[in-house]
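What follows is a single structure, written as structure tokens, with notes after it.
The values are calculated or read from the model by the stated rules, or taken from the named source; none is laboratory data. Predicted model only: the values in this text are computed from it and were never measured. Positions of Cβ are generated from backbone atoms using ideal geometry, with glycine treated the same way; all protein chains shown enter the neighbour counts. Calculation scope for accessible area: heavy atoms of the full protein, side chains included, ligands and nucleic acids excluded. Shrake-Rupley method; radii C 1.70, N 1.55, O 1.52, S 1.80 Å.
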Amino acid sequence: MKLKGVIFDMDGTVVDVTYDWNQIKTELNSQGKPILIYLKSLEEPEKSEKWKVLEKYESEATQKARLKPGMRGFLNLLSQKGIKIALVTNNSQRSVSFLLEKFNLEFDCIISRESGLWKPSGAPFQAVLEKLGLEKEECCVVGDSHFDIKAAEETGIPNIFILNEDKERFASMPAEVFSSVEELM
């Protein structure tokens, strides 16, 4: 395979960021549904009120985010080799813009939740392929969660790499798990 594109997740992959998802889901009362799908299903004014809760947590976490060790070098290496890099996140464009400026990062394609394309659907990854003119076999996904794996599988991207120290958590999934960016490189 000639690698021509890498699709990155943001939170937990490009940046280290801490979310207490159980607390957020409890406060939102998301009833076990994925948060974005749950929020989309609500009626006003509850919808706006609960979006503000999520955005508050995101803003706090984004302010404290740190660039994952080794990530800048990895992104630079890919760019030097002419490999297209994309960022796909369920986070807001506001958070993306803040982090890209804070860490002086650039991507060839960025898809945030405002696009209406959210993981675990493969739709945001398919949009990247179309925008960058890439075939699924020429790409890989680098993420940190089951949502990244599901989205890659739905899109048919065969090479899935997970950055996570808990390799057992992904043992039964069709992905290679790495504990650090350096190990992945």
The answer for the net charge of residues other than LYS2 whose Cβ lies under 15 angstrom from its Cβ, with Lys and Arg +1 and Asp and Glu -1, is +1
Scoring only Lys, Arg, Asp and Glu (+1, +1, -1, -1) among other residues with Cβ under 13 Å from the Cβ of GLY70 yields 0
Heavy-atom accessible area of the chain with neighbours in place, 1.4 angstrom probe: carbon+sulfur share in percent works out to 48 percent
Counting sequence-distant residues (5 or more places) and residues on other chains, those with an amide H built under 5 Å from that of LEU163 are GLY143, ASP144, PHE178
With +1 on the Cβ of every Lys and Arg and -1 on the Cβ of every Asp and Glu, the dipole magnitude of the stretch 1-136 about its Cα centre, in debye rounded to the nearest 20, is 520 debye
Under a Gaussian network model of the chain whose springs join Cα atoms within less than 10 Å, the largest fluctuation of ILE24, ILE110, ILE160 belongs to ILE24
For LYS4, counting only aspartates and glutamates whose alpha-carbon sits under 17 Å away and dropping same-chain residues fewer than eight positions off, the answer is GLU106, ASP108, GLU130, GLU135, GLU137, GLU138
Of the listed links LYS47/LYS136; LYS84/LYS150; LYS2/LYS40, those spanning more than 28 angstrom between alpha carbons are LYS47/LYS136; LYS2/LYS40
In Å², rounded to a whole number, the accessible area per residue of the chain with probe 1.4 Å is 53 Å²
Neighbours of ASN159 by Cβ distance under 11 Å: Lys/Arg at +1, Asp/Glu at -1, summed charge -2
If one builds a Gaussian network model of the chain from Cα atoms under 10 Å apart, the most fluctuating residue listed among SER121, SER30, SER172 is SER172
The distance between the Cα centres of the stretch 139-185 and the stretch 83-101, in whole Å, is 19 Å
So the angle from the long Cα axis of helix 46-64 to the longest Cα principal axis of the chain, reported in degrees to the nearest 10, equals 50 degrees
Scalar couplings 3J(HN,Hα) for the stretch 101-113 by Karplus 6.51 cos²θ - 1.76 cosθ + 1.60 (θ = phi - 60°), nearest whole Hz, x for Gly and Pro, are 6, 4, 9, 6, 10, 9, 10, 6, 8, 10, 10, 10, 5
Across LEU42, LEU100, LEU134, the residue with the highest GNM fluctuation in the chain (Cα network, 10 Å cutoff) is LEU42
If each part is reduced to its alpha-carbon centroid, the stretch 49-75 and the stretch 1-39 end up apart, in Å, by 10 Å
Expected vector for the stretch 79-94, Karplus 3J(HN,Hα) from phi with 6.51, -1.76, 1.60 and θ = phi - 60°, integer Hz, x for Gly and Pro, equals 4, 4, 7, x, 8, 5, 10, 10, 10, 10, 9, 7, 7, 7, 4, 4
For LYS50, the aspartates and glutamates lying under 20 Å Cα to Cα, once residues fewer than eight places off in the same chain are dropped, come out as ASP20, GLU27, GLU58, GLU60, GLU114
Given 138-145, 59-66, the highest-first ranking by average Cβ count within 10 Å works out to 138-145, 59-66
